[in-house]
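Asker: Structure provided below as structure tokens; questions to follow.
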Amino acid sequence: MELKQQAVEVLRGNDCGGYTVPTATGLYPAQWNWDSCLVALGLAQFDEPRAVAEIETLFGGQWPDGMVPHILFHGDDSTYFPNAAVWQAGPTGRSSGITQPLVAATVVRHLFERTSDPVIRVRLAALVPKLLAWHRWCYAARDPYGTGLVSIIHPWESGMDNSPLWDSALDAVAPGPPVRHLRKDTGFAAADHRPTGSEYDRYINLVLEYRDNGYRTDRLYDVAPFRVADIGFSAILQRANQDLRSLLTAAGDIAAAAEVAAMEQRTGAAIVQCWHEEDGFFYGLDTRTGSLIRKPGIAGLLPLFADPGEAERHPRLVERLESWLTQVAYGVPSFEPGRPEFEPRRYWRGPVWLIVNWMLIDGLRRNGRPELAERIRRDSLALVERAGFAEYFNPLTGDPLGGSRFSWTAAMYLHLAAGSE
Ligand code: DGY
């Protein structure tokens, strides 16, 4: 069977009716926020109404304060830890209590512009006020002092859970009582592809701390034992701000478009400040200690996704990406190869993730670097041709890693094979 058809079958097989699990193996038995948004890009290739439903279901779990949780538990979650019973979060008790990168507005705009179906457009337009509420929440909750850079309060919020970027901030978090024996993920994926036990103790301790604080938006920023202004999270938000502004403008909501333009201005100015001239790279910072996170992770390349003028402003950033590509068989590694922290098999410490490849492809095209975008697109397709729809891939060998028959990898394959912007 040809690969596109296989990708469709992966997505149909992981479809739980209105939402898609990341993989049906039991590793992730729920709806993940940025997974769902990115899966919608693939679903749109063969079923636009289903793509919209994916996002509608996600926003069905939006909290009254505007937050869209990083996990919605719709069904049996007994194979996952921490499940809904551990989180005890939100109005229904069926979600996590933290968020994930705000990629939804970018996806909704993409779906809006590609469709010729007026009914789909109406459904997408109905999501726009919800997107706006989420962006407003993000600034109020995670940048309460108006710096323009939003902070994450848990490594899971970055989506790049065990990136070396969080090592020192996470080390400073008390591990709490050991809970690593309660983990279930390593029953489904090899332990050396996953975060470590000591990271897990801290991940769960943070959850319990926020649970004790009732997940209160007005408190968590100040009490958070882990608080980091991630350059990747802010870059994705900044891109989503532009896309949300465009959707609001199309809807004729000029006042809200101006409000988002102001967010965009603040965050754009703050991202520029994250450029490190000596190193020629973008870094985030630990907002508890004020210290710079001087490590070259893939998050530092994402300003290319946020700003079409980035390659011209900082040509060294693109050169750095090119130098990473000379050190691997398949791009783009999630951390700079050759560094002591680089681990080609372990989750976000080196492996290639197709969803980030898509962000870089899109960003490089907008930055006038289509040939480099094409190189990354070809690598992405080649990985799937070689190793199937794995969760992530070894950049040195192309071997499959993590979960299998993975939704967002299938979705990215369909999206990138179609050559879509
Ligand atoms: C996990 O459980 O590994 C997820 O990435 C958390 O969101």
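Asker: Within the set of pairs 6 or more residues apart or between chains, which connect a residue that is in a helix (DSSP H, G or I) inside segment 249-261 to a residue that is surrounded by fewer than 17 Cβ atoms within 10 Å (Cβ to Cβ) with Cβ atoms less than 7 Å apart?
Answerer: Once the first residue is in a helix (DSSP H, G or I) and sits in segment 249-261, its partners that are surrounded by fewer than 17 Cβ atoms within 10 Å (Cβ to Cβ) give ALA257/THR249.
Asker: Can you spot a residue in segment 135-144 that is within 12 Å of the ligand (Cβ to nearest atom) and buried (at least 18 other Cβ atoms within 10 Å of the Cβ)? Working first, answer last.
Answerer: The initial filter retains those residues of segment 135-144 that are within 12 Å of the ligand (Cβ to nearest atom), namely none.
Scanning segment 135-144 turns up no residue that is within 12 Å of the ligand (Cβ to nearest atom) and buried (at least 18 other Cβ atoms within 10 Å of the Cβ).
Asker: Of all residues in segment 75-124, which are within 14 Å of the ligand (Cβ to nearest atom) and among the hydrophobic types (A, V, I, L, M, F, W, C)?
Answerer: Step one: filter segment 75-124 for residues within 14 Å of the ligand (Cβ to nearest atom), giving 77, 79-84, 86-87, 89, 95-101.
Once the filter is applied, which keeps residues that are within 14 Å of the ligand (Cβ to nearest atom) and among the hydrophobic types (A, V, I, L, M, F, W, C), segment 75-124 yields PHE81, ALA84, VAL86, TRP87, ALA89, ILE98.
Asker: Among the residues of segment 39-54, write down those that are in contact with a His (Cβ under 9 Å, 6 or more places away or on another chain) and either under 18 Å from PHE73 (Cα atoms) or assigned to a loop (DSSP other than H, G, I, E, B) (or both).
Answerer: Going residue by residue through segment 39-54, those that are in contact with a His (Cβ under 9 Å, 6 or more places away or on another chain) are 40-42, 44-45.
Hits for segment 39-54 are ALA44, GLN45.
Asker: Taking segment 15-51 as the region of interest, how many residues are more than 16 Å from the ligand (Cβ to nearest atom) and either in contact with a helix residue (DSSP H, G or I) (Cβ under 6 Å, 6 or more places away or on another chain) or among the polar types (S, T, N, Q) (or both)? Explain how you work it out, then say what you get.
Answerer: Here is the first cut: in segment 15-51, the residues more than 16 Å from the ligand (Cβ to nearest atom) are 15-18, 40-51.
With the extra rule that they be either in contact with a helix residue (DSSP H, G or I) (Cβ under 6 Å, 6 or more places away or on another chain) or among the polar types (S, T, N, Q) (or both), the set shrinks to 18, 40-46, 48, 50-51.
So the answer is 11.
Asker: Here's another thing I want to ask about it. Give me a count of the residues in segment 320-331 that are without any contact (Cβ under 8 Å) to a residue 12 or more places away in the chain and in a helix (DSSP H, G or I). Break it down into steps so the answer makes sense when it comes.
Answerer: Here is the first cut: in segment 320-331, the ones without any contact (Cβ under 8 Å) to a residue 12 or more places away in the chain are 323, 326-327.
Adding the requirement that they be in a helix (DSSP H, G or I) leaves 323, 326.
The qualifying residues number 2.
Asker: Looking at GLY97, GLY13, which one is farther than 24 Å from CYS138 by Cα and small (Gly, Ala, Ser)?
Answerer: Going through GLY97, GLY13 in turn, just one is farther than 24 Å from CYS138 by Cα and small (Gly, Ala, Ser): GLY13.
Asker: Considering segment 222-241 alone, what residues qualify as being under 23 Å from the mean Cα position of the chain (by Cα) and surrounded by fewer than 19 Cβ atoms within 10 Å (Cβ to Cβ)?
Answerer: First pass over segment 222-241, keeping only residues under 23 Å from the mean Cα position of the chain (by Cα): 224-241.
Residue satisfying the conditions is PRO225 alone.
Asker: Scan segment 83-109 residue by residue and report those that are crowded, with 20+ Cβ neighbours inside 10 Å, touching a residue at least 40 places away in the same chain (Cβ under 8 Å) and in a helix (DSSP H, G or I).
Answerer: Residues satisfying the conditions are TRP87, ALA104, ALA105, THR106, VAL107, VAL108, ARG109.
Asker: Can you confirm whether GLY159 is small (Gly, Ala, Ser) and more than 12 Å from the ligand (Cβ to nearest atom)?
Answerer: Values: small (Gly, Ala, Ser): yes; more than 12 Å from the ligand (Cβ to nearest atom): no.
No: the conditions fail for GLY159.
Asker: Can you pull out every residue in segment 166-191 that is assigned to a loop (DSSP other than H, G, I, E, B), under 26 Å from VAL223 (Cα atoms) and aliphatic (A, V, I, L, M)?
Answerer: ALA172, VAL173, ALA174, VAL179
Asker: What single numbered condition from (1) touching a residue at least 60 places away in the same chain (Cβ under 8 Å); (2) away from the ligand (no atom under 16 Å from the Cβ) fails to hold for ILE355?
Answerer: ILE355 satisfies all of (1) touching a residue at least 60 places away in the same chain (Cβ under 8 Å); (2) away from the ligand (no atom under 16 Å from the Cβ) except (2).
Each reported figure results from applying straightforward, stated rules to the coordinates on display, with no laboratory input. From a predicted model like this one, the values you see are computed outputs, not experimental measurements. Every residue, glycine among them, receives a Cβ derived from its backbone with ideal geometry; neighbour counts consider all protein chains shown.
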